[in-house]
Amino acid sequence: MKKLSIVVCLFALAISSITATGVKEVKPNEAMVPSVVRTNIGSEPDSLDPWKSAATDTEAIFHNVFEGLMLYDTNGKMIPGLAESVVIAPDGLTYTFKLRKNVLFHNGKPFDSADVVYTYNNLTGMSGEKAVSSKFSLIKNINAPDAYTFVITLVEPSAGFLSLTSIPIVPEGYTNQAEHPVGTGPYRFVEYTPGQRIVLERNEAYYDANRMPKIKRAEIYIMTDEAAIVSGLQSGQLDFASITAEDAKQLSSDYTIYNAPQNMVQIFALNNEDPIFSDVRVRQAVNYALNKQDVIDGVFGGYATKLDSNFSPVMGMYYNDTLSGYYEQNLAKAKQLLLEAGYPNGFKMTITVPSNYQAHIDTAQIFAQQLAAIGIKATIQPIEWATWLDQVYTKAQYQSTIIGLTGKLDPDSVLGRYTTTYPMNFFKFSNARYDALITKAKVETNDAARISMYKECQKILTENAAAVYVCDPNLTVAARKDLKGYVFYPVGFMDLSTLYFEE
Amino acid sequence: MKRNFPLRRYFSNIHFAIGFYMVMTVVSLMILGFFYIPYDPNAIDIAHKLQGATTAHILGTDQLGRDIFSRVLVGTRVSLLIGILVVGFGVLIGTPLGALSGYFGGKTDEVIMKVIDTQMAFPGILLALMIIAVFGTSLQNTVLALGLMSIPRFTRIARSGFMKYRNAEFVQASRARGASHARILVLHILPNIVPELLVTASLGFASAVMSEAGLSYLGLGMQPPNPSFGKMLSEAQNYILQAWWYVLIPSVAISLLVMGFNLLGDGLQSINQQ
Amino acid sequence: MGYYVRKILGFIVTLFLVSVITFLVFQILPGDPALVILGVDADPVQIEALQRTMHVDEPVVERYVSWVGSALHGNLGISFRYQKPVSGIIADCFSVTALLALFTLVLTILIGLPIGIWLAKHDKAKYIVPFSLVSQLGVSIPSFCMGILLISIFTVKLRWFPSLGFTPWSQNPLACIKGLFLPSFSLSLGTSAVLIRYLRVSIISEQKLDYVRTARSKGLDENTVLQRHVLRNSLIPVITIFGMLVADVLGGSIIIENVFSLPGIGKLIATSIATRDLPLIQGLVMYLACIVVVCNASVDLLYSLIDPRIRLL
C-alpha cells in the first residue's frame, strides 16, 4: 500500500504546484493598465468574409475591422468614413465621394479609388461575376475619375441609399477574406479559432487619431452558456460581456452596468393566412388580450421598451410615437372581438418557438396563460432553430411564433419585410396601400415626406394587427469598474475603439 | 419475527436499502402530488418571481413566479414516467433481440449484433437530436429518442445471458422433451436472466433521467410549460446568481433519482452474485 | 488471421450503415444549411451563393456516391459551416478532446484505483457506505451543476484555474494543464465512481478464488498476494469498463464543453447538427465509430498483455 500512498502524495503535490503558479497568472495585474480587453460573443461568426456574412453578431465584431465609405454614429446618422465627404446631386441620382488619402489596408496596401471600384463592381455584379448583394441593384453605374474620387449613379433616387454605403471596402484583388480578413478599420484581424475565440489587434497605422484605439488587443471568446459568461466576468477572465438584466442586477455593485435599448423588436407573429388569424378581429383580440408589461418584467427583468409598433424608439425620427399604448390589455374588448369573429368560446392554437431562445419560450408561456383568459388555448411547440428557419421563416407553415428581429439603419429594410412580394414575408401580411407606400417612400428624397410615409406604414401594421409587437429588450453590458467608454449604436456594433482602462 | 426471507435479503444489502429509500422519497413526492398540489404548477405570477422560500411558497418561485414545490410534485410524475417508459422501451425491444441473438447464434446473431453495433457507433445525442428535429419536442418523442438509445444495453445483457444458458443441461433436457424454441426462451431461460435485466433496468433508469436533463439543456426536452426535473434545471441555470435554490432543487431531485437507481442497481448486482 | 479479416469487414459494414443512415436522416431533417448559417438578415443573393458551394441540389444518390468515393481517398469534403476541410476541423477539435480524455483518464486512475483497492481490502459496510455514496455523487450530479460548482469554487473564489478557453499543449503545457484540469476533474468524478464500483467487486470476487487461497496458505503476505495475483487478474473486467469510459469521453461532452467554453468534439457535434452541416456530421460519425472500434481493440490488446492466457485469436 505504500506505493499507493506515494502516488496519492505525488498527485496532491502536482495539484498544488499547478495551482500555486496559477494564482498569479489568472489574477489581473492591478498595478498596470491592461493592454488586452476580453469579451464574449454568443455565436460563432458565419463567415469572416464580409461578402459572405449576414449575421448581426459577426457584424458587431467585424465592424471594427472593416469600414465603408460612410460610417454611422451612435445616433445612426451617416458620417464620413473612408470618404472624407459626399456630394449628392440635386436630382438625387449622382453621389460623388471624395476619398480619404493616406489610408492603409491592414496588409499595408494603400487605399484608393481602385479598391472602391473593385468592391462596388463585385457588390453590383458589374464585374461580370454574380452580384454579391441584391441591395445594390439600383446602382446604374460607377466610376472613378481619379485616384481619390468615386462617383455612383443610381437608376432612381433613393433616400436610403447612403446607409448602404457603410458596407465594407475591401482591397482590390484580395480573395482570402474568409481566412484572413483585411480591412481598414481601427482593429486588424489576428486570428480566429473556431469554437474558441477571435483575436483583434490595434491598427497602428489607423488614419483617424480620434478613433485610434486605446487598448492594444481584443480577445473575443465564443461562449454560449450564460452561467459560464457570468463566472467568466466574476473570475476576471472577461473584462466586459453582455448579460441578462437579471444577472446585471446581481452584479451591479461590482461592475459598471451599461443598459440601453438595442433596436430589436420582439414580435409575436400571427400567420395572417392562417384560417383563424386571417380575420383581423382575431388578431386584434389577441393584441388586446396580452399584457406586455408582464413579459418585460418577467422575462427581461424590467429592462425593455414596450412597443406597439414594428419600430423601436431607437429608430429616432422614423419611430411613430403616436402608436404607443395603442393596444392596452382589455379583456372585455378582446372577448367582444372574438365574439364578432365567431369564436365566442375561443379556439386552440400553437405557438412555435425556436428552442434556443429561452426568452422567447418564457414569453410564450406568459402569453399562453394570458390568452387562456379569453378562452384561447395555446400550446407551445419549441423547435430547433434550423427547423424554425425552414418551416416558419421560409415556408410560413405555422400558426404563430415569437422571434426578435434586429433593426437596421434604413427603415426600408425593416418595413420591407411586410410587403406582399418580399420572399421571406412570413407574417403573410398583405396590404395594397402598405405596399404602395413602401415603394413610394423608397424613391422619396424629401426627408419629411419620407418619414411621414414610414410612420404611416407603422400605423397600418399596428391597426391591422399584423403581429403583436411586444418590446425592445435592452442590451445589458457589465464591465469591470476600470473599463470605460462603452457606447451603444442603434445597430449591433460593439465599438472596441472607444474602450479604455482607467489608470 | 418471521419476515419474508427474500425481502430481508434485499434490505440487508446496504446499497439496495439506501437506493430504495432514495427512490421512495421521490416516489412518495409523486404520490403526494396525486392528492395535493398547493398551486397550479403552470400558473404564472410575475409579481412574485424568483422568491426564496416563504410560508406561501415553501420552495420559492421560479423565473415566472410559478410555485417550485408544485412544479416539483408534477415534475416527479413526468420524470418517473419518462424513466419507466424509456426502460420499458429498452426492455421490450432490446431483450427479445438479445434473446434471439444469444440463443440462435450464427447468422441471426451476426445480423442483430451488426444492427446494435451500428446503433452504438451512432452518438446517442445525435440520434436524439435527429428524432426531435424530425418529429418535434414532446414527451413521446423524448421517450422514443431515449428509448432507442437504451436498447443496446439490454440486447447485450440478454444476449450474453441467453448464450450462457442455451446449452445448459436443463435447456437441452426440455429440448429433448420437444419443447418449442419460444417456450424455452420465455419459460426456461428468461427467468434466469431476470436478475441481470433488473440491474440493467435500474441503471438504465438512472441514465434516462440524466439524459433527459441533457436534452433539456439543449432546449429539446419537454414541451413547456410542463415541468420535468431536466426542464426545470435547464430553465433555472440562467438564474444561478439570483436564485441558487432554484438550481439546487431540480439538481437534488435528479441526483436523488439517479443515485437511488444506481445504488439499487449496485445492490441488486451484489445480491445476484452472492 | 480470419479473425482480423472478419473484424475489419464487420467494421466496414458498420461504417457503411452509419453513413447511409446519417445521409438519409439529413434528407428528412427540415432546414437549409445556408439559411441557418446566414440567419434572418441574409441577403437572398448570399444564400444562393452559399448554396452553390454545397451542391445540395444534386440527386441524393449521386451525392452519396461521390462522398463515398472521396472518403475512400481520405477526403471527407468541405464543411458547410466552416468552409474548411472536415478532416482538419475534426483534427483540431480532437486535439482538445483527446487531451481532455487523457487527463480524465489519469485523474480517474489516480482517484479510482487507490480508493477501489482500499475499499476491496476493507470490505466493511462502515467504509463502503460513505465512500460509495460520495463516489456515486460524482455520477449523479448533473454535469452542468458540477461544472458550475467547480467553476464558482476554483475559478471565481480561489482563482486557481481558468474556466474558459483552451491553450494548446505545444504553446504552453502548464497553461494547457491548468485549462483542462477543471473539466477533466468534473468528468473524472463520474468515471472514477464507475471504476471504483467495478474494481471493488472484481477484486472481492477474485479474492474468493482458489489460487488466492493457495497463495495465502503459502504464507505470502496480504499485500504481495494483492499486488502479484489479485490486482492483475481483477484488472480485466476493469479494463473493459475503462475502454467504454474512454470511448465515452472521446465522444465529447456537450454540456461540459459549453460550461468550460472548450472547442471539443461534443460542441462540434451539436453545431454540425444545428447547422445541418452534412459533410461535417458524416465525418464526425465516422470518427466516433472509429473511436469505439479502436478502444475495443486496445482493450483486447491490454487483455493479452495482462493475462497471456488470453490470446488475440
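The values are calculated or read from the model by the stated rules, or taken from the named source; none is laboratory data. These figures come from a predicted structure and were not determined experimentally. We place every Cβ from the backbone using ideal geometry, glycine too, and count neighbours over all the protein chains shown. Each accessible area value is taken on the protein alone, full model and side chains, heavy atoms only, with ligands, DNA and RNA left out. Shrake-Rupley method; radii C 1.70, N 1.55, O 1.52, S 1.80 Å.
The alpha carbons of the range A:265-474 give a radius of gyration and a Dmax of 16.3, 50 Å, in that order. Pairs of Cα atoms nearer than 8 Å and 6+ residues apart set the relative contact order; for the range B:5-273 it is 28 percent. Report, in listed order, any pair from A:Lys249/B:Lys231; A:Lys249/A:Lys333; C:Lys126/C:Lys178 with a Cα-Cα distance greater than 31 Å. Cα-Cα > 31 Å for A:Lys249/A:Lys333; C:Lys126/C:Lys178; rest within.
Working with all protein chains in place, sort C:Thr22, A:Thr256 by solvent-accessible area computed with a 1.4 Å probe, largest first.
A:Thr256, C:Thr22
Think of the protein assembly as shown as a dipole: +1 on every Lys or Arg Cβ, -1 on every Asp or Glu Cβ, centred on the Cα centre; then among A:Val155, B:Val27, B:Ser101, B:Ser101 lies furthest on the positive end. Think of it as helices only: each DSSP H run of n ≥ 4 in chain C is worth -39500 (n - 2.57), and spread over all residues that comes to -24000 deg cm²/dmol at 222 nm.
Mean sequence separation of contacting Cα pairs (under 8 Å, at least six apart), scaled by the length of chain C, corresponds to a relative contact order of 26 percent.
Ignoring lysines fewer than eight residues from A:Lys440 along the same chain, the ones with Cα atoms less than 20 angstrom from its Cα are A:Lys135, A:Lys140, A:Lys408, A:Lys455, A:Lys459.
Between C and B, roughly 3100 Å² of accessible area is buried in total, ligands, DNA and RNA not counted and the probe set to 1.4 Å. Within the accessible area of the range B:5-273, the carbon and sulfur atoms contribute 68%, probe 1.4 Å, all protein chains present. Where a ≥ b ≥ c are the square roots of the eigenvalues of the C-alpha gyration tensor, would you call chain A rounded, which needs a/c under 1.5, or, failing that, prolate if a/b is larger than b/c, or oblate? Judged from the Cα gyration tensor, chain A comes out oblate (a/c at least 1.5, b/c at or above a/b).
Here each label is just a point 7 Å from Cα along the line to Cβ, and for C:Val61 and B:Arg177 those points are 5.5 nm apart.
B:Ile132 contributes about 10 Å² of solvent-accessible surface, heavy atoms of the protein only, 1.4 Å probe. At the residue level, C:Cys290 shows approximately 50 square angstrom of accessible surface with a 1.4 angstrom probe and all protein chains present.
For C:His73, B:His181, B:His57, the ranking by accessible surface with the largest value first comes to C:His73, B:His181, B:His57, using a 1.4 Å probe.
With Cα atoms defining each centre, the range A:163-236 and the range A:469-503 are spaced 15 Å apart in the structure. With R₀ fixed at 60 Å, the C-beta to C-beta distance from C:Ile8 to A:Ser324 puts the FRET efficiency at about 0.25.
Straight-distance candidates among the lysines for linking to A:Lys216, with alpha-carbon spacing under 24 Å and chain neighbours fewer than 8 residues away dropped: A:Lys24, A:Lys27, A:Lys109, A:Lys481, A:Lys484.
Take the Kirkwood radius over Cα pairs of the protein assembly as shown, plug it into Stokes-Einstein at 10 °C and 1.306 mPa s, and you get 50 µm²/s for translational diffusion.
The amide H of A:Arg38, built 1.01 Å from its N in the peptide plane, has A:Glu219, A:Asp239, A:Phe240 as neighbours under 5 Å, considering only residues 5 or more places off or on other chains. Between chain A and chain C, the total buried accessible area stands at approximately 4900 Å², from heavy atoms with a 1.4 Å probe. Across chain A, the mean sequence separation of Cα contacts (distance under 8 Å, 6 or more residues apart), normalised by length, yields a relative contact order of 20 percent.
Comparing Cα centroids, the range B:113-154 and the range A:80-148 end up 54 angstrom apart. Share of antiparallel DSSP beta bridges in the protein assembly as shown, in percent to the nearest 5? Taking every DSSP beta bridge with both residues in the protein assembly as shown, the antiparallel ones total about 80 percent. Let me check I've understood the local charge: for B:Val86, count other residues with C-beta under 14 angstrom from its C-beta, Lys and Arg +1, Asp and Glu -1. What total comes out? Local net charge: 0.
The shape of the range A:66-164 comes out rounded: with a ≥ b ≥ c from the C-alpha gyration tensor, a/c is under 1.5. In whole Å, what is the distance between the alpha-carbon centres of the range B:30-91 and the range A:272-337? Their Cα centres are 31 Å away from one another.
In this label model, A:Met126 and A:Lys484 are separated by 4.6 nm, measuring between points 7 Å along each Cα→Cβ vector.
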